[in-house]
Amino acid sequence: GLTARAEAALALASLPGEGAREWRKFARAASRGLAVHARILPSSRAGADLYEARRLTSEGARGRAIRRFQRGIRLAERSGQRLENALMRTDLAALLPDGPERAGQLDRARDLLRECGAEPTVQAQRAAGEETG
């Protein structure tokens, strides 16, 4: 419900043309809804941070988005939410300059995804043009 609304609003707000402003407003409202839900159900705090950080990224608030991703990662680590942790690390890495911190975030995200059973299959790697050797 709430997560799907936030995700859809962010996707639609990023499209060019009329209506993007309205979708950005809807994305802010959806993010606020996730924050309210997270106050009631603390296990959803990391997910709320994920979408708020993505919203901030889409609005160009890079520094605030980085801080929100970092907070969400800490929450996800404490609560054992590996998928949310991996998604935030991947999104955070996209905001960081090339270097050891970015590489570390991506390496940890890969490890977390493997722990979740999301290891890429040989067929998917071939489709992506990767070596399966």
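The values are calculated or read from the model by the stated rules, or taken from the named source; none is laboratory data. Bear in mind the structure is a predicted one, so any value in this text is a computation, not a measurement. Glycine also receives a Cβ, built like all others from the backbone with ideal geometry; neighbour counts cover every protein chain displayed. Side chains included, ligands, DNA and RNA excluded: accessible areas come from the protein's heavy atoms. Shrake-Rupley method; radii C 1.70, N 1.55, O 1.52, S 1.80 Å.
Under the Kirkwood approximation applied to all pairs of distinct alpha-carbon atoms, what is the hydrodynamic radius of the stretch 13-85 in Å? Don't jump to the answer; show the numbers that get you there.
Details: mean 1/r = 0.0792 Å⁻¹.
Every distinct Cα pair counted, the radius reaches 12.6 Å.
Considering the options Ala109, Ala76, Gly99, tell which one lies farthest towards the positive end of the dipole of the chain, charges being +1 on Lys and Arg and -1 on Asp and Glu at the Cβ, about the Cα centre.
Ala76
With +1 on each Lys and Arg Cβ and -1 on each Asp and Glu Cβ, and nothing else charged, work out how big the dipole of the stretch 22-98 is about its Cα centre, in Debye to the nearest 20. Walk me through the numbers on the way to the answer.
Details: 17 positive and 8 negative charges, 58 e Å.
Once rounded to the nearest 20, the dipole reads 280 debye.
Treating the beta-carbon of each Lys and Arg as +1 and of each Asp and Glu as -1, no other charges, what is the dipole magnitude of the chain about its Cα centre, to the nearest 20 debye?
Working: 24 positive and 17 negative charges, 155 e Å.
Using only the charged Cβ atoms, the result is roughly 740 debye.
Counting C-alpha atoms alone, how compact is the chain: give Rg to one decimal and Dmax as a whole number, in angstrom.
Here Rg and the maximum Cα pair distance are 15.9, 48 Å.
For the stretch 73-93 and the stretch 96-118, compute the distance between their C-alpha centroids and round to whole Å.
10
Looking at Trp23, Ile40, Leu50, which one has the Cα that reaches farthest to the positive end of the dipole of the stretch 1-65 (charges on Cβ: Lys, Arg +1; Asp, Glu -1)?
Towards the positive end, the residue furthest out is Ile40.
Taking only protein heavy atoms into account and a 1.4 Å probe, give the accessible area per residue of the chain in Å². Let's see the in-between values first.
Numbers: 8320 Å² over 133 residues.
Accessible area per residue: 63 Å².
Taking N as the number of residues in the stretch 56-115, what is its Cα Rg relative to 2.2 N^0.38 Å?
1.06
Could you tell me what percent of the accessible area of the chain is made up of carbon and sulfur, with a 1.4 Å probe and every protein chain present? Could the numbers behind the result be given before it?
Details: 4270 of 8320 Å².
Roughly 51 percent, rounded to a whole number.
Could you derive backbone 3J(HN,Hα) for the stretch 109-116 from the dihedral phi with the Karplus parameters 6.51, -1.76 and 1.60 (θ = phi - 60°), listing whole Hz in sequence and x where the residue is Gly or Pro?
Running phi through 6.51 cos²θ - 1.76 cosθ + 1.60 with θ = phi - 60° gives 4, 4, 4, 5, 5, 5, 4, 7 Hz.
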